[in-house]
Amino acid sequence: MTENAVAASSTDYSGIGERARHLFEMSRPIWWIHMLLPITFAILYAVDSASQILSVTSLWFLAYFSLPGNLYVYGMNDAFDVDTDQVNPRKIDDETPSVIYEHDTINTAVILICGLLMASVVFVTTDPVVLGLLAILGVAAIVYNVPPIRLKAVPFVDAFITSTLLIPPIAVYTAISGSLPPLTIIAGAWVWGMGYHIIGAIEDIEPDRKAGLLTTATFLGREKTLAFFLGLWVLAPVLIALESIPGAALMSVFTVSLIYTLVSDKELKDLYLAIPFINVGVFGVVIIGGVLRHL
């Protein structure tokens, strides 16, 4: 571990600003778009008129699933991943030492409070389906990370449960429209989410094995996991095509990007780093389409 990483894993904060910075970075601000873009997309296609776009319900989902929701989800992950993070080159290099979780009472309390704040959704909707979906998300962050259950150490289940991060757009669409999105869209997005999880799992094979963590990637090995990943990202646009051909075409951008990565000299981590930008492009198109339908 580098000297910087060692310093970052100490609980000796220089002040409230240092603690706030650590917690902010733990929320993965660059990944907020994975929540906020799909939520925006869901809002635009759920509302009947432009006047509903900035409803109290919409604003709650956008506000909560920025800092609080992401800090809860990723904070729970980091709190129970110290064993693997401390031997993971992606987590301890000089550029990202602060993602190593700081074990102290205040950090733990902030993360738990962020999780409890999810219950404030009752002030904007009492739809039992929406409440049930968010309850699943809240519990999933626990059972995925916390021993002895720790489903992230159960091959294939780890990938499946990671896709609960797609619940927020499903929930906001349901809260506004009064019905779930088409099941084929949910299935396609869920399969895509499983594939996205696989990228990081492949990159973490060696540190996970050192920590004795059994994941889809450590169970199958790199080559078979890549094949599984490719299968998921081929299936995702096929499922979406059952409901929307344009949607399937946009989803295929991810599939093509993966195939290009596999047949070129690019590394998988290059695709991992590119996904946020591809997301912006893909969701930028559908969000523009959602805006235009209300003009």
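The values are calculated or read from the model by the stated rules, or taken from the named source; none is laboratory data. None of these values were measured; they are calculated from a predicted model. Note that each Cβ is placed from the backbone with ideal geometry, even for glycine, and that neighbours are counted across all protein chains shown.
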Exercise. Which number in (1) under 30 Å from Leu62 (Cβ atoms); (2) within 20 Å of the chain's Cα centre (by Cα) marks the one condition that Ile176 misses?
Worked result: (2)
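Looking only at residues that are farther than 21 Å from Val285 by Cα and part of a helix (DSSP H, G or I) in the range 24-50, which one is nearest to the chain's Cα centre (by Cα)?
In the first step, residues of the range 24-50 are kept if they are farther than 21 Å from Val285 by Cα; the result is 24-29.
Still in the list and also part of a helix (DSSP H, G or I): 24-26, 29.
Details: Phe24: 16, Glu25: 15, Met26: 13, Pro29: 11 Å.
This residue is Pro29.
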For this session: May I ask you to verify whether Leu180 is assigned to a helix (DSSP H, G or I) and touching a residue at least 12 places away in the same chain (Cβ under 8 Å)?
Result: no
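Kindly evaluate Ile106 against the criterion of being surrounded by fewer than 14 Cβ atoms within 10 Å (Cβ to Cβ), assigned to a helix (DSSP H, G or I), on the phi < 0 side of the Ramachandran plot and at pLDDT below 95. Walk me through it before giving the result.
Details: surrounded by fewer than 14 Cβ atoms within 10 Å (Cβ to Cβ): yes; assigned to a helix (DSSP H, G or I): yes; on the phi < 0 side of the Ramachandran plot: yes; at pLDDT below 95: yes.
For Ile106, the condition - surrounded by fewer than 14 Cβ atoms within 10 Å (Cβ to Cβ), assigned to a helix (DSSP H, G or I), on the phi < 0 side of the Ramachandran plot and at pLDDT below 95 - is met.
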Seminar exercise, completed: (1) among the small types (Gly, Ala, Ser); (2) surrounded by 17 or more Cβ atoms within 10 Å (Cβ to Cβ); (3) modelled with pLDDT of 95 or more all hold for Ala201 apart from (3)
Exercise. In the range 168-184, which residues are buried (at least 20 other Cβ atoms within 10 Å of the Cβ) and either farther than 22 Å from Ser51 by Cβ or charged (D, E, K, R) (or both)?
Worked result: Pro168, Ile170
Exercise. Which of the residues that make up the range 251-295 are within 23 Å of Thr184 (Cβ to Cβ), polar (S, T, N, Q) and at pLDDT below 95?
Worked result: Asn279
For this session: Go through the range 140-160 and give me each residue that's surrounded by fewer than 22 Cβ atoms within 10 Å (Cβ to Cβ) and within 27 Å of Phe41 (Cα to Cα).
Result: Ala140, Phe160
For this session: Among the residues of the range 125-159, write down those that are assigned to a helix (DSSP H, G or I), closer than 26 Å to Thr216 by Cβ and more than 17 Å from the chain's Cα centre (by Cα).
Result: Ala153
Exercise. Does Phe277 satisfy being among the aromatic types (Phe, Trp, Tyr) and either closer than 17 Å to Trp233 by Cα or not in a helix (DSSP H, G or I) (or both)?
Worked result: no
Exercise. Can you name the number of the only condition in (1) surrounded by fewer than 19 Cβ atoms within 10 Å (Cβ to Cβ); (2) at pLDDT 90 or above; (3) within 25 Å of Leu292 (Cα to Cα) that Pro29 fails?
Worked result: (3)
Seminar exercise, completed: Of those in the range 207-251 that are over 22 Å from the mean Cα position of the chain (by Cα) and within 15 Å of Asp81 (Cβ to Cβ), the residue surrounded by the fewest Cβ atoms within 10 Å (Cβ to Cβ) is Gly212
Seminar exercise, completed: Flagged pairs (Cβ under 7 angstrom, 6 or more apart or on separate chains; first in the range 14-35, among the acidic types (Asp, Glu); second assigned to a helix (DSSP H, G or I) and surrounded by 16 or more Cβ atoms within 10 Å (Cβ to Cβ)) are Glu25/Ser98; Glu25/Val99
Exercise. In the range 12-66, how many residues are touching a Pro at 6+ places or on another chain (Cβ under 8 Å) and hydrophobic (A, V, I, L, M, F, W, C)?
Worked result: 9
Seminar exercise, completed: When the range 256-283 is checked residue by residue, the ones that are within 19 Å of the chain's Cα centre (by Cα), surrounded by 12 or more Cβ atoms within 10 Å (Cβ to Cβ) and either touching a residue at least 24 places away in the same chain (Cβ under 8 Å) or farther than 20 Å from Ala201 by Cβ (or both) are Leu258, Leu268, Lys269, Leu271, Tyr272, Ile275, Pro276, Ile278, Asn279, Val280, Val282, Phe283
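Regarding the range 221-244, can at least one residue be identified that is touching an Asp or Glu at 6+ places or on another chain (Cβ under 6 Å), in contact (Cβ under 8 Å) with a residue 40 or more places away in the chain and not charged (D, E, K, R)?
No.
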For this session: Check Phe24 against each of (1) modelled with pLDDT of 90 or more; (2) within 19 Å of Tyr272 (Cβ to Cβ) and name the one condition it does not meet.
Result: (2)
For this session: Kindly indicate whether Ala248 is at pLDDT 90 or above, more than 20 Å from Phe41 (Cα to Cα) and aliphatic (A, V, I, L, M).
Result: no
